[in-house]
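Visitor: Got a structure here, written out as structure tokens. Questions coming.
The values are calculated or read from the model by the stated rules, or taken from the named source; none is laboratory data. Since the model is a prediction, treat every value here as computed from it, not as a measurement. As a convention, Cβ positions derive from the backbone with ideal geometry for all residues, glycine included, and neighbour counts pool all protein chains shown. With ligands, DNA and RNA removed, areas are computed over all heavy atoms of the protein, side chains included. Shrake-Rupley method; radii C 1.70, N 1.55, O 1.52, S 1.80 Å.
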Amino acid sequence: VTDAFGIQPLYMVRDGRSLMLASELRALCAAGVPVAMDPVGWGQFFSVGNTLGNTTMLCGVSRVPGATVLDYDPATGALDQRTYWEWAAGRPDVVGLDHVPTGEIVEILGHDVERYAPLSDVSTMLLSGGFDSRIVLSVLRKLGLPTEAISLSHANEHRGADGRFATRIAESLGVPISLVPTERDYYSSPAYAGYLTQSEIVAPSLYLFIAQLSERIGPEMRAIWDGFFCGFGLNEAGYPADSFEAYRRHKVAGPGAPVWAAIKRVFAPSLYEALREGAETSLRREMAAYSNDAEGVWRFTFLNRGRHRIGPNPVKVYANHVLPFTPGSSRRYWETVARIAAPLREAHGVYFRIFE
């Protein structure tokens, strides 16, 4: 059984009557699945920065959808699949900032935190300088959590704004904070290679907070608070996204993009064409499942970018060492934030209402 959105990966291989399941692709490779590129998955990665739907980057392996129960009979090889929940795609009914259900959102996050808290008496907040972690930390402090916070100085991004803001936030809420210095040669280090191995290279990670901080997340922390779900629910996409035409202009690398020019020089012509065609065909298919408006693009973005690009860090990288706690990952939370009209998320409007 998978979680409601399929964020925690469950990979599947069907070979005749046999069934192989794993939470990481490399486990399947170790069990004998041939290491070969899936041109569609790699084409998606080059085109939009992540895989789409249930495609993976390993040939012959698919990802089990969210909210899915698999029933397998080893005696007969029969495999049945059923869905236990569906994220209803109703029209948003919150069309003004004054009507954003801020109290309900905070109450849901508090409930999520209360469900996690009994799992560990020691926990660390991954604290960036951004809106999401500020909200999560504020909710945590009402319940006397976490034990401490950790942040990255991030000297190469906006003169270390992440670390400076995180330090001020932690101090104002009375939370001890450790500041990890930025390593000049991190992206040429064995530590970064280790991060790529754990994340299976499924998302671009150069200069990201999450990659550099992952090296400092160890078993002694026991549990971490990440809360990566919040951004897609409360924030805008960062570009005009009122249609899939707009999404293509801003987020999809077309045939003339530098990335495809580079790929054409690396791969054989036949494989290059398979990458391009696979990416385009699958992108059309995935977009067709959503309404061609701001709400459809928002849902498409979460269920693809959120699931394949943002989600892997807590559930694939951090989970190798600690318990990752992610407030805002409940069905109730997403049913609530889906009621908010997409334009209200612009200019951090929803965030400010919650802070007020």
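Visitor: Measuring from label point to label point, each 7 Å out along Cα→Cβ, what is the Ala289 to Gln81 span in nm?
Guide: Here the modelled spin labels are 1.0 nm apart.
Visitor: How many angstrom lie between the C-alpha centres of the stretch 268-338 and the stretch 39-60?
Guide: Here the answer is 11 Å between Cα centres.
Visitor: Looking at [x] 98, 59, 35; [y] 76, 52, 39; [z] 57, 51, 48, which value of Cα extents along the principal axes in Å comes from a calculation on the structure shown?
Guide: [z]
Visitor: Where a Cα-Cα gap under 28 Å defines reach, which lysines qualify for Lys251, not counting those fewer than 8 residues away within the same chain?
Guide: Lys264, Lys316
Visitor: For the ranges 8-15, 131-138, 326-333, what's the packing order if you count other beta-carbon atoms within 10 Å of each residue, average per peptide, and put the highest first? Mind showing how you got there, number by number?
Guide: On the way: 8-15: 17.2, 131-138: 21.5, 326-333: 20.0.
Result, highest mean first: 131-138, 326-333, 8-15.
Visitor: If I fit a long axis through the Cα atoms of helix 190-199 and take the longest principal axis of the Cα atoms of the chain, what angle between them do I get, 0 to 90°, rounded to 10?
Guide: 70 degrees
Visitor: Moving to a separate point now. State the answer as a single residue: which of Ala347, Ser178, Ala246 lies farthest towards the positive end of the charge dipole of the chain, with beta carbon charges of +1 for Lys and Arg and -1 for Asp and Glu, about the Cα centre.
Guide: Ala246
Visitor: While we're looking at this one, here's another question. Using Stokes-Einstein with the Kirkwood hydrodynamic radius over Cα pairs, what translational diffusion coefficient do you get for the stretch 169-223 at 10 °C and a viscosity of 1.306 mPa s, in µm²/s rounded to a whole number?
Guide: On the way: Rh = 12.9 Å.
This corresponds to a translational diffusion coefficient of 123 µm²/s.
Visitor: So, one more: Rounded to the nearest 20 Debye, what is the dipole magnitude of the stretch 139-213 about its Cα centre when Lys and Arg each give +1 and Asp and Glu each give -1 at the C-beta? Provide the component values of the computation, followed by the final result.
Guide: Values: 6 positive and 7 negative charges, 67 e Å.
I would put it at about 320 debye.
Visitor: Sticking with this structure for a sec: From the square roots a ≥ b ≥ c of the eigenvalues of the alpha-carbon gyration tensor of the stretch 280-319, which class results: rounded (a/c under 1.5), prolate (a/b over b/c), or oblate? Kindly include the intermediate steps, with their values, before the conclusion.
Guide: Working: a/c = 4.62, a/b = 2.03, b/c = 2.27.
In terms of gyration-tensor shape, oblate.
Visitor: Extending each Cα 7 Å along its Cβ direction at Glu114 and Leu323, get the distance between those two points in nm, one decimal.
Guide: For the pair Glu114/Leu323, the computed spacing is 1.7 nm.
Visitor: Nothing charged except the Cβ atoms of Lys and Arg (+1) and of Asp and Glu (-1): what's the magnitude of the dipole of the chain about its Cα centre? Round to the nearest 20 debye. Write down the numbers at each step before the final one.
Guide: Details: 34 positive and 38 negative charges, 112 e Å.
Computed charge dipole of the chain: roughly 540 debye.
Visitor: While we're on this one: Can you give the FRET efficiency for Tyr187 and Thr281, using 1/(1 + (r/R0)^6), R0 = 35 Å, r = Cβ-Cβ distance, to the nearest 0.05? Walk me through the numbers on the way to the answer.
Guide: On the way: r = 33 Å, r/R0 = 0.95.
Efficiency computed from Cβ-Cβ geometry: 0.55.
Visitor: What ranking do 250-258, 336-344 get when scored by the average of other Cβ atoms within 10 Å per residue, highest first? Each step should come with its number before you reach the end.
Guide: Numbers: 250-258: 12.3, 336-344: 18.9.
Highest-to-lowest ranking by the protection proxy: 336-344, 250-258.
Visitor: Starting from 0.36 nm per residue, how many nanometres of slack lie between Arg222 and Arg249 once their C-alpha separation is accounted for? If you can, show how the numbers build up before the last one.
Guide: Values: separation 27, 0.36 × 27 = 9.72 nm, distance 4.27 nm.
Taking 0.36 nm per residue and subtracting the Cα distance, the gain is 5.4 nm.
Visitor: Quick check: residue separation of Asp242 and Glu335 times 0.36 nm, minus the Cα distance between them. What number comes out in nm? It would help to have the intermediate numbers written out before the result.
Guide: Numbers: separation 93, 0.36 × 93 = 33.48 nm, distance 2.06 nm.
Length gained between Asp242 and Glu335: 31.4 nm.
Visitor: Quick one: order Met221, Met125, Met37 from most to least accessible surface, probe 1.4 Å.
Guide: Values: Met221 20, Met125 0, Met37 65 Å².
Largest to smallest exposure gives the sequence Met37, Met221, Met125.
Visitor: OK, next. So if R0 is 41 Å, what FRET efficiency would Leu208 and Val69 give, r being the distance between their Cβ atoms, rounded to the nearest 0.05?
Guide: Working: r = 34 Å, r/R0 = 0.84.
Efficiency, from the Cβ-Cβ distance: 0.75.
Visitor: Compute the helix-to-body angle for 269-287: its Cα long axis versus the longest principal axis of the chain, expressed 0 to 90° and rounded to tens.
Guide: Approximately 60 degrees, to the nearest ten.
Visitor: Averaging sequence separations of C-alpha pairs under 8 Å and six or more residues apart, then dividing by the length of the chain, give the relative contact order as a whole percent. Present the calculation step by step, with values, prior to reporting the outcome.
Guide: Working: 552 pairs, mean separation 92.0, N = 356.
For the chain, the relative contact order is 26 percent.
Visitor: While we're here: How much accessible area per residue does the stretch 218-307 have, in Å², with a 1.4 Å probe? Please list the in-between numbers first.
Guide: Values: 4330 Å² over 90 residues.
Each residue of the stretch 218-307 exposes 48 Å² on average to a 1.4 Å probe.
Visitor: What share of Cα pairs, in percent, lie more than 13 angstrom apart in the stretch 1-77? Provide the component values of the computation, followed by the final result.
Guide: Numbers: 1989 of 2926 pairs.
The proportion of pairs with Cα distances above 13 Å equals 68 percent.
Visitor: Skip the ligands, DNA and RNA, and give the accessible area per residue of the stretch 49-201 with a 1.4 Å probe, whole Å².
Guide: Values: 7770 Å² over 153 residues.
For the stretch 49-201, the solvent-accessible area averages 51 Å² per residue.
Visitor: What are the trypsin sites (Lys or Arg not before Pro) within the stretch 177-232 that DSSP puts in a loop, where the Cβ has at most 15 other Cβ atoms within 10 Å? Present the calculation step by step, with values, prior to reporting the outcome.
Guide: Values: sites: Arg184, Arg216, Arg222; in loops: Arg184, Arg216, Arg222.
Answer by residue number: Arg184, Arg216.
Visitor: Right, here's the next one. What do you get for chymotrypsin sites (Phe, Trp or Tyr not before Pro) in the stretch 12-114 restricted to DSSP loop and a cutoff of at most 11 other Cβ within 10 Å of the site's Cβ? The partial results should precede the final answer.
Guide: On the way: sites: Trp42, Phe45, Phe46, Tyr72, Tyr84, Trp85, Trp87; in loops: Tyr84, Trp85, Trp87.
Here the sparse-neighbourhood loop sites are Tyr84.
Visitor: If you don't mind, there's one more thing I want to ask. Is the shape of the stretch 90-184 best called rounded, prolate or oblate, per the rule: a/c under 1.5 gives rounded, else a/b larger than b/c gives prolate, else oblate, with a ≥ b ≥ c the square roots of the Cα gyration tensor eigenvalues? Provide the component values of the computation, followed by the final result.
Guide: Values: a/c = 2.54, a/b = 1.40, b/c = 1.81.
Oblate.
Visitor: Probe radius 1.4 Å, ligands and nucleic acids ignored: give me the carbon and sulfur share of the accessible area of the chain as a rounded percent. Could you put the intermediate results ahead of the total?
Guide: On the way: 9180 of 16790 Å².
Result for the chain: 55 percent of the exposed heavy-atom area is carbon or sulfur.
Visitor: Excluding residues on the same chain fewer than 8 positions from Lys142, give the aspartates and glutamates whose Cα lies under 18 Å from its Cα.
Guide: Cross-link targets: Glu104, Glu107, Asp112, Glu114, Asp121, Asp132, Glu171, Asp226, Glu356.
Visitor: For the chain, find the longest principal axis of its Cα atoms and tell me its angle to the long axis of helix 131-142, 0 to 90°, nearest 10.
Guide: Its long axis makes an angle of about 50 degrees.
Visitor: Which value in deg cm²/dmol, rounded to the nearest 500, describes the helix-derived mean residue ellipticity at 222 nm for the chain, given -39,500 (n - 2.57) per DSSP H run of n ≥ 4 and division by the residue count? Mind showing how you got there, number by number?
Guide: Values: 14 runs with 134 residues, N = 356.
-11000 deg cm²/dmol, from helical runs alone.
Visitor: Further question on the same structure: Does the stretch 1-139 classify as rounded, prolate or oblate by the C-alpha gyration tensor (a ≥ b ≥ c root eigenvalues; a/c under 1.5 gives rounded; else a/b over b/c gives prolate, otherwise oblate)? Before the final figure, lay out the partial values.
Guide: On the way: a/c = 1.86, a/b = 1.84, b/c = 1.01.
Taking the square roots of the gyration eigenvalues as a ≥ b ≥ c, the stretch 1-139 is prolate.
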